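Remarks on the structure that follows.
The values are calculated or read from the model by the stated rules, or taken from the named source; none is laboratory data. What you see is a predicted model; the values in this text were computed from it and never measured. Here the Cβ positions follow ideal geometry from the backbone for every residue, glycine too, while neighbour counts run over all protein chains shown. These area figures cover heavy atoms from the full protein model, side chains too; ligands, DNA and RNA do not enter into them. Shrake-Rupley method; radii C 1.70, N 1.55, O 1.52, S 1.80 Å.
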Amino acid sequence: MSSRRPLVAGNWKMHKTGPEAREFCAALAGLVGEDPAVDVAVCPPYTALEASADALAGAPIAVYAQNVHENEKGAHTGDISAAMILATGADGALVGHSERRAAGDTDAQIAIRVRNAIDAGLLVVLCCGESLETRQAGETEAWVTRQIRSALEHVQPADIARLVIAYEPIWAIGTGETASPAQAQEACAIVRRVATEKVDGEVLRVLYGGSVSPANAAELMSQHDVDGALVGGASLDPESFAAIVAVAG
Ligand code: 13P
């Protein structure tokens, strides 16, 4: 255990309409209560950000977008800016999720997104993680080190107030195959060590993501360098997400 306050965030990916988000958030707020022992956030699709923020007004549950464009405005069809996210009532964004990297988001864009989103006032959850081939080749450490150095290129020490990093091995995302607690610990410790080149590593929260469930969450989050979870599938149901929040505290 460390003094870092855990964060449990639910990434809904391409699930839930605005009305569905509203219903989910009302149920989640009731289950989480007024004073959870950990920070809690949901990451709805863009079209449900406003409904989620509205339904969670006054509740201790934050709303983060699943991505954010690096520019303030312009000819970027299908993208949205940090100011647009903030105007929905949301207060953060994931950046560099592996599903976005696979869809074309580049290291250079991710580094600028981290910088500009923090400047705009968003909390950024920067995502990193290796593929199965990279792990099997014994190159996890080198891969994650390169991703973190690149993404934090423009980060300053003061940015720690708005920066969280999630380690999500691609082979564990949506597969039901979770990293073992020892694997999660080892990789999160690497993330923390590399991030310490830029920010205070004792303060930085490093989350684990990849098939986190109510059954495995407690053991994963009991690891010294694992300060919470980024949850996909198991965050879509209010009871199962609230169960993960409950064991994180
Ligand atoms: P799953 O929990 O569904 O494996 O998704 C993890 C993830 O990608 C969260 O961002």
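Tabulated data for the structure shown
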| item | result |
| --- | --- |
| Contour minus Cα-Cα distance for A103 and A87 (0.36 nm per residue) | 3.2 nm |
| Neighbour cut-off at most 10 other Cβ (10 Å), DSSP loop, GluC sites (Glu not before Pro), region 23-75 | E34 |
| Most mobile listed residue (Q156, Q147, Q223) in the chain, GNM with C-alpha springs under 10 Å | Q156 |
| Debye log10 I(q)/I(0) for the chain, one point scatterer per Cα, at q = 0.16 Å⁻¹ | -1.16 |
| Cβ charges +1 (Lys, Arg) and -1 (Asp, Glu), total dipole of the chain, debye | 260 |
| Radius ratio Rg over Rh of region 140-249, counting only Cα atoms, Kirkwood formula for Rh | 0.98 |
| Förster-model FRET efficiency, 35 Å R0, E23 and T175, C-beta, rounded to 0.05 | 0.80 |
| Extension gain, E197 back to R146 (0.36 nm per residue minus Cα-Cα distance, nm) | 17.1 nm |
| Inverse mean reciprocal Cα-Cα distance (Kirkwood Rh) of region 173-235, Å | 11.9 |
| Residue-normalised accessible area of region 10-95, given per residue in Å² at a 1.4 Å probe | 46 |
| Kirkwood Rh, angstrom, region 1-50 [1 / mean 1/r, Cα pairs] | 12.1 |
| Efficiency of FRET between E139 and A161 - r from beta-carbon atoms, R0 22 angstrom, step 0.05 | 0.10 |
| Accessible solvent surface per residue of region 111-170, calculated while the other protein chains remain in place, 1.4 angstrom probe, Å² | 41 |
| Equivalent ellipsoid dimensions for region 79-216 as semi-axes, Å, which come from the Cα gyration tensor, largest first | 24, 17, 15 |
| Theoretical FRET efficiency, 1/(1+(r/R0)^6), r = Cβ-Cβ of S2 and A75, R0 45 Å, to 0.05 | 0.50 |
| Projected label distance in nm at E239 and A182, using a 7 Å step from Cα toward the beta-carbon | 3.5 |
| Computed [θ] at 222 nm, helices only, for the chain once each DSSP H run of length n ≥ 4 contributes -39500 (n - 2.57) | -11000 deg cm²/dmol |
| From phi via Karplus (6.51, -1.76, 1.60), per-residue ³J(HN,Hα) for region 127-133 in Hz, x at Gly/Pro | 9, 9, x, 9, 7, 4, 4 |
| Neighbour-limited loop hits for GluC sites (Glu not before Pro), region 77-162 (at most 16 other Cβ within 10 Å; DSSP other than H, G, I, E, B) | E139, E153 |
| Under the Debye formula (equal points on every Cα, no solvent term), log10 I(q)/I(0) of region 46-127 at q = 0.11, 0.16, 0.21 Å⁻¹ | -0.26, -0.56, -0.93 |
| GluC sites (Glu not before Pro) restricted to DSSP loop in region 157-249 with at most 13 other C-beta within 10 Å | E177, E197, E202 |
| Percent accessible area from carbon and sulfur atoms, the chain, protein chains only, probe 1.4 Å | 53 |
